[in-house]
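Note sheet for the following structure.
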Amino acid sequence: MAYTEVTRVEIIEVIRQWQAGRKIREIARSTGIARNTVRKYVLAAQSCGLSREGPPPDEAQIIALVQLGRAGPRDAAVPTDKVLEPWADQIYRWIKDDHLKLTRIQELLAQRHCVVPYRSLGRYVTRKGWFGKSTRATVRMADTEPGQVAEVDFGRLGLLRDPETGRRRLTWGMVTVLGYSRHTFVWPLYSQRLADVIEGLEATWAFFGGLPRYLVLDNFPAAVVGPDPLNPRLSRGFLEYAGYRGFIADPARPGHAKDKPKVERGVPYVRERFFKGGQFSGLEDMRDQSRRWCLETAGQRVHGTTRRLPLVVFQEEERSHLLPYDGEPYDVPEWHEAVVHQDHHVYYRYAIYSAPDTTCPPGTKIEVRGDRKLVKLYRSGKLMKVHPRQPRGGRSTDPDDYPRELTPYTLRSPDHLRKLSAQLGESVGQFADRLLGGPLPWHKMRQAFKLLRLGEKYTALRLNSACQKALSVDLIDVRRLERILAQALEQEAMATAVPSSSAGLPGRFALPGGAFALHEAHPAPPSQTEETPETALNETRGGTP
């Protein structure tokens, strides 16, 4: 069979049922997980320090168990039909001509290097029709203990006029029967979605005043993911609800009415005795009438099997054995798988939520759990982020979820730019407040980004000093602020320049400063002018002054 990953909720359910005292086979049948897989997680739980009598697993133990199943898919098993099909003629002769038993046929096949399980061989020859029609005797199920088991089934009641739309809608009935007393509760509903079913179960527990320890389910899609007769798998949402309320869900096989015989005839009984001929103004009115009908009619009848009144048996013998019900409404969660987009957000129920870049970079597959108040992001069973639930079209973004170098450019918020500018210095923060403090701060966003880049280029200390000078003359212009920084940097470079090693020493060919001075075109005669070092030098060279 194909590889199927065991989710976090399913692992918690396995450990919870194991600590409740259930056997491996019972846990596998109720959860739809293979027995070997259940045994693997039970052994791993024991290695993590868990025990049947101990407390539930903590977050670290749950993460360790979730990581246990991340190795990857195994090789798919070969179907039994493909293995036995080449031996079909030989198996037929062994059965029809030699009248061999299946145990002997299994041994002969093994001698010929065809090894198959006994039950698989039996199912194969039964599908072929070589054993003829099987005759099964109907056996009455043993009575359960008070408060142990309840059975749930769905059935069509009929069409009901919706007062809001004026149209007739198909109405379903969710019927719950307690296994010991046969006390019944009916909850009409329009659909079998998870939220609608849990709402009906909450009304059921309020009606009974408690919960059973085991709940035998019909195979409705909101609770059972694929009605596999051998390995049913419960949805994460329903598994989480079962763990929250404390009962163990046990899905019935599809098409096997004997798996839930106490409620199987309950749906026709409700349809004939309650729905047909009734007058209902809407769904809420039908629900109110169904409560009274369960107490006055269904509860007061003499049950055909027990020959007792279900309501009396429930009040006297079964109510005290039910699990307690606190009466607080359950917040129905919804689980979805999502991929982190390039903008570091995930899309969930028409709203977007940011995912931390350090643990959930773009392209990461994560699990999203949402209820009425919170949205939680999980990766490999570990909680990564919690957001408040947003309405349709809403957005919840944590600035810390972005990469540090991209935070100001992805948020594009004036308040966030003021906050980042204030971190560079007090004067820089004041400059940013003046820059973005006008009636249209969005028009100054590019200058605010430029201001942050100046801090990276010239350091925060120089930028803070430049902003202090600009504020002193009421200059709120980022371009001119950059010129102030550039000029200050040039002056600093000139002031700190190292002088030449020959500075202050007379050079070999050094001339006085006046040697390059310009004189008049017709100088005075030497006798009328005072002799200077410049004129003397010109005379020695034989040149003119």
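The values are calculated or read from the model by the stated rules, or taken from the named source; none is laboratory data. All values reported here derive from a predicted model rather than from experimental measurement. As a convention, Cβ positions derive from the backbone with ideal geometry for all residues, glycine included, and neighbour counts pool all protein chains shown.
Filtering L283, L295 for residues that are at pLDDT 90 or above, in contact with a Leu (Cβ under 8 Å, 6 or more places away or on another chain), assigned by TED's automatic domain parsing to the domain that holds I248 and farther than 25 Å from Y241 by Cβ leaves a single hit, L295. In this structure, R349 qualifies as surrounded by fewer than 19 Cβ atoms within 10 Å (Cβ to Cβ), under 37 Å from the mean Cα position of the chain (by Cα) and assigned by TED's automatic domain parsing to the domain that holds L374. Could you list, in sequence order, the residues of region 2-26 that are more than 25 Å from the chain's Cα centre (by Cα) and either in a helix (DSSP H, G or I) or at positive phi (or both)? Correct list: W18, Q19, G21, I24, R25, E26.
Filtered by the rule that a residue be exposed (fewer than 12 other Cβ atoms within 10 Å of the Cβ), in a helix (DSSP H, G or I) and touching a residue at least 24 places away in the same chain (Cβ under 8 Å), region 255-314 gives a lone residue, P268.
Do we have K365 as within 26 Å of L234 (Cα to Cα), modelled with pLDDT under 90 and surrounded by fewer than 17 Cβ atoms within 10 Å (Cβ to Cβ) here? Break it down stepwise before answering.
Values: within 26 Å of L234 (Cα to Cα): yes; modelled with pLDDT under 90: no; surrounded by fewer than 17 Cβ atoms within 10 Å (Cβ to Cβ): yes.
No: the conditions fail for K365.
Can we say Y330 is more than 18 Å from the chain's Cα centre (by Cα), in a loop (DSSP other than H, G, I, E, B) and over 30 Å from H303 (Cα atoms)? Spell out the reasoning first.
On the way: more than 18 Å from the chain's Cα centre (by Cα): yes; in a loop (DSSP other than H, G, I, E, B): yes; over 30 Å from H303 (Cα atoms): yes.
Yes.
Among what's in region 30-44 and is over 19 Å from R236 (Cβ atoms) and in contact (Cβ under 8 Å) with a residue 12 or more places away in the chain, pick the residue that is farthest from the chain's Cα centre (by Cα). Please lay out each step first, then the result.
Narrowing region 30-44 to residues over 19 Å from R236 (Cβ atoms): 35-36, 39-40, 42-44.
Those still in the list that are in contact (Cβ under 8 Å) with a residue 12 or more places away in the chain too: 39-40, 42, 44.
Values: R39: 27, K40: 25, V42: 25, A44: 24 Å.
The qualifying residue farthest from the chain's Cα centre (by Cα) is R39.
Residues are listed down the side, and each one gets a yes or a no for (1) surrounded by fewer than 16 Cβ atoms within 10 Å (Cβ to Cβ); (2) of a type in the set (S, T, Y):
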site: E13; (1), (2): no, no
site: R22; (1), (2): no, no
site: R25; (1), (2): yes, no
site: T37; (1), (2): no, yes
site: I62; (1), (2): no, no
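Restricting region 212-263 to residues that are more than 20 Å from G173 (Cα to Cα) and among the aliphatic types (A, V, I, L, M), the residue that is modelled with the lowest pLDDT is L230.
Being in the same structural domain as L201 (by TED's automatic domain parsing) and either farther than 25 Å from R213 by Cβ or within 36 Å of the chain's Cα centre (by Cα) (or both): is that true of R301 here?
yes
Every test in (1) modelled with pLDDT of 90 or more; (2) touching a helix residue (DSSP H, G or I) at 6+ places or on another chain (Cβ under 6 Å); (3) under 23 Å from L323 (Cβ atoms) is passed by G173 save one, and that test is (3). Counting only helices (runs of 4 or more DSSP H) that sit completely within region 433-534, those holding 2 or more residues that are at pLDDT 75 or above and among the aromatic types (F, W, Y) correspond to 445-458. In region 47-60, what residues are loosely packed, with under 15 Cβ neighbours inside 10 Å and either at pLDDT 85 or above or under 22 Å from the mean Cα position of the chain (by Cα) (or both)? Matches in region 47-60: S51, R52, E53, G54, P55, P56, D58, E59, A60.
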